[in-house]
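J.: This is the structure I want to talk about, given as structure tokens.
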Amino acid sequence: MPTNTYMMDSVLISQFLESTYPDPPVPLTSELGREIEAKARAMAGRAFRTSVMPREIRILSPRAQEYFRRTREASLGHRLEDLLDGDKEEQAWNAVADGTRAVGELMRTNKADGPFVLGARPSSTDFFFAGSLQSARVVDEGVFQRYMKYPGYKEIYEACLAYMEKKD
């Protein structure tokens, strides 16, 4: 970055970007956004972890694969592939289907004013979802498409595509 600043954590990054590049302004928080993100993490996040994590290893370099596998399996207490064994993945999706649909409907609260969570202009909540969905897409198109079937997710993702054109 031109400022020579490096950091991790999406909240800190968005605060830094908003203070460094205030034009155009991007609302960082809203009551609706916080509610949507909390519910998404609690619901859709479970299926995301079950479907994406064991497939993520496929896009990593050999050295990164070793680290990823070692740390994730230690955290899980079992092999990554166990998340996909039998019908565990399908059970995870079924368990969160209603909650994921409800989150998608919340995303559409202001749809009369525009395609974003708050209406006409994007917020950090929109970028949170678009980034998460793009990550899923890079890892596995099938997982990405599962989310696109829920109301709200596709609209937010497509509305944010213009912000994802630069890929450096």
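The values are calculated or read from the model by the stated rules, or taken from the named source; none is laboratory data. All of these numbers come straight from a predicted model, not from anything done at the bench. Cβ: placed from backbone, ideal geometry, glycine included. Neighbour counts: every protein chain shown. All accessible areas refer to the heavy atoms of the entire protein, side chains included, with ligands and DNA or RNA removed. Shrake-Rupley method; radii C 1.70, N 1.55, O 1.52, S 1.80 Å.
J.: Which residue out of GLU141, GLU81, GLU73 is touching a residue at least 24 places away in the same chain (Cβ under 8 Å) and within 20 Å of GLY45 (Cα to Cα)?
T.: The conditions single out GLU81.
J.: Of all the helices (runs of 4 or more DSSP H) wholly in segment 91-168, which have at least 3 residues that are open to solvent by less than 20 Å² (accessible area, probe 1.4 Å) and within 23 Å of SER14 (Cβ to Cβ)?
T.: In segment 91-168, the matching helices (runs of 4 or more DSSP H) lie at 124-139, 153-160.
J.: Residues in segment 1-46 that are aliphatic (A, V, I, L, M) and farther than 19 Å from THR125 by Cβ: how many?
T.: The number of residues fulfilling the criteria is 3.
J.: I've got another one for you. Which condition from (1) modelled with pLDDT of 95 or more; (2) out of contact with any helix residue (DSSP H, G or I) (no Cβ under 9 Å at 6 or more places or on another chain); (3) surrounded by 11 or more Cβ atoms within 10 Å (Cβ to Cβ) is the one that PHE68 breaks?
T.: Going through (1) modelled with pLDDT of 95 or more; (2) out of contact with any helix residue (DSSP H, G or I) (no Cβ under 9 Å at 6 or more places or on another chain); (3) surrounded by 11 or more Cβ atoms within 10 Å (Cβ to Cβ) one by one, PHE68 breaks only (2).
J.: Out of (1) under 28 Å from TYR150 (Cβ atoms); (2) in contact with a helix residue (DSSP H, G or I) (Cβ under 8 Å, 6 or more places away or on another chain); (3) acidic (Asp, Glu), the odd one out for ASP85 is which?
T.: Of (1) under 28 Å from TYR150 (Cβ atoms); (2) in contact with a helix residue (DSSP H, G or I) (Cβ under 8 Å, 6 or more places away or on another chain); (3) acidic (Asp, Glu), only one is false for ASP85: (2).
J.: Pick out, from segment 1-57, the helices (runs of 4 or more DSSP H) lying fully within it that include 1 or more residues that are more than 18 Å from TYR147 (Cβ to Cβ).
T.: 10-20, 31-42
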